[in-house]
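The values are calculated or read from the model by the stated rules, or taken from the named source; none is laboratory data. These numbers come from a predicted model, not from an experiment. Note: ideal-geometry Cβ built from the backbone for every residue, glycine included; neighbour counts use all protein chains shown. Side chains are part of the model used for accessible areas, which takes the heavy atoms of the whole protein and leaves out ligands, DNA and RNA. Shrake-Rupley method; radii C 1.70, N 1.55, O 1.52, S 1.80 Å.
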Amino acid sequence: MRLREITPPSSHPHVAEIQIDPADLHRLERLIEEDRTLRLLNVDDSEPDQWAVRIGCASVRVRERFEDGWG
C-alpha cells in the first residue's frame, strides 16, 4: 500500500471504510466523481465478493452522511 493510500489528503482527512460488492464499485466511483466532499483513497480488491474501500471525507458530518447513506 502506498503512503497516499494510507494517509488521507488534508482536504479530506476523515476516512470512511466500507465493504462493497465488486458490482457496486462503478456506482460508488460515479458518486464520488459527482461529490467534491468525497475522495476515493483505496480499493482493496484482494478478496472475492467483498472489497474494502477507503473514502476520504471533507468533514465528520460528510463521513457520517456517507456511511449512513451507503450502508
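Couple of notes before you dig in:
- Where VAL43 falls short, out of the listed (1) open to solvent by 80 Å² or more (accessible area, probe 1.4 Å); (2) modelled with pLDDT of 95 or more: (1)
- Candidates ASP44, ASP21, ASP68, ASP35, filtered to the one that is in contact with a strand residue (DSSP E or B) (Cβ under 7 Å, 6 or more places away or on another chain) and not hydrophobic (A, V, I, L, M, F, W, C): ASP44
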